[in-house]
1. Please verify whether residue 66 is of a type outside the set (Phe, Trp, Tyr), farther than 22 Å from residue 136 by Cα and either in contact with a Pro (Cβ under 8 Å, 6 or more places away or on another chain) or assigned to a helix (DSSP H, G or I) (or both), treating the condition exactly as stated.
2. Is the stretch 137-144 home to any residue that is under 26 Å from the mean Cα position of the chain (by Cα) and either farther than 29 Å from residue 81 by Cα or of a type in the set (D, E, K, R) (or both)?
3. Find the residue count for the stretch 45-63, including only residues that are modelled with pLDDT of 95 or more, of a type outside the set (A, V, I, L, M), in a helix (DSSP H, G or I) and touching a helix residue (DSSP H, G or I) at 6+ places or on another chain (Cβ under 7 Å).
4. Going by what's in this entry, would residue 115 be described as exposed (fewer than 13 other Cβ atoms within 10 Å of the Cβ), touching a residue at least 40 places away in the same chain (Cβ under 8 Å) and at negative phi?
5. Which one of these does residue 170 not meet: (1) exposed (fewer than 12 other Cβ atoms within 10 Å of the Cβ); (2) within 20 Å of the chain's Cα centre (by Cα)?
6. Among the residues that make up the stretch 118-125, is at least one of them within 30 Å of residue 86 (Cα to Cα), at pLDDT 90 or above and either open to solvent by less than 30 Å² (accessible area, probe 1.4 Å) or charged (D, E, K, R) (or both)?
7. Could you give every pair whose Cβ atoms fall below 8 Å, whose first residue belongs to the stretch 159-175 and is in contact (Cβ under 8 Å) with a residue 12 or more places away in the chain and hydroxyl-bearing (Ser, Thr, Tyr), and whose second residue is surrounded by 12 or more Cβ atoms within 10 Å (Cβ to Cβ) and assigned to a helix (DSSP H, G or I), counting only separations of at least 6 or pairs across chains?
8. Check the stretch 81-94 and report whether any residue there is over 15 Å from residue 162 (Cα atoms), part of a loop (DSSP other than H, G, I, E, B), of a type outside the set (Gly, Ala, Ser) and open to solvent by 60 Å² or more (accessible area, probe 1.4 Å).
Amino acid sequence: IAALVLAIPGVGNRLLAALSDIMHGESGGHVDPSVLGRVAAQQEAAMMWDERPFFGFGPNTFRGQVINFAGRVAVAVREPTDAPHNMYLQFGAESGSLGLIGLSAVVLGFLAVPVLAIIADPRSADRVLAAGACAAIAGYMMASVALHLSYFRTFAVVLALAMGLAPAWPVPAATVRKFVC
């Protein structure tokens with residue numbers, strides 16, 4: 001899988017360039033501009049979140065606010081990027097800690113539905129699909145450390161699939177007790 005990832009255009013060459021910069025870099029030497037832009041954007045997002053930790057600057061405001069923070073971070077770039085390529089930093093900058101708590105509640109809710117479906121009927125033919133939906137949600141959330149919100153459509157399809165696997169409602173009390181324990 002690692003060899004396939006390195007063969008992807010735009011991914012493999014950046015990973016190899018970043019590795020080369022780390023292993024053989026010199027102070028004041030050339031570093032891949034896209035790596036510098038992402039690092040600068042992540043620092044700007046962290047600074048934005050630090051300035052307004054509870055509510056952030058508002059939804060979809062990173063692009064407009066980045067110019068106000070571009071000169072205040074350790075990594076300086078000529079052209080600031082429009083996304084930090086880290087969903088959590090972007091969400092923290094735009095929605096603050098309360099927004100991240102809300103995001104966590106939503107994701108946990110979407111994870112709970114297929115898990116309830118598995119607990120309600122462990123011999124169901126859909127249990128593998130439910131486990132796959134849980135894995136896809138968890139995978140997206142882990143990959144979001146290096147992604148930004150531009151890939152949400154694919155994630156929305158997975159969330160819809162997870163909801164489509166919901167067990168018959170109302171869920172029996174015994175199933176809920178198993179889920180909670």
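The values are calculated or read from the model by the stated rules, or taken from the named source; none is laboratory data. Computed from a prediction, not measured in an experiment: that's the story for all the values here. Here the Cβ positions follow ideal geometry from the backbone for every residue, glycine too, while neighbour counts run over all protein chains shown. Quick note on the areas: whole protein, heavy atoms, side chains included, nothing else; ligands and nucleic acids left out. Shrake-Rupley method; radii C 1.70, N 1.55, O 1.52, S 1.80 Å.
1. yes
2. Checked against the condition, which is being under 26 Å from the mean Cα position of the chain (by Cα) and either farther than 29 Å from residue 81 by Cα or of a type in the set (D, E, K, R) (or both), the stretch 137-144 yields no hits at all.
3. 1
4. No: the conditions fail for residue 115.
5. (2) is the only condition that residue 170 fails.
6. No - not one qualifying residue is present in the stretch 118-125.
7. 175/116; 175/119; 175/120
8. yes
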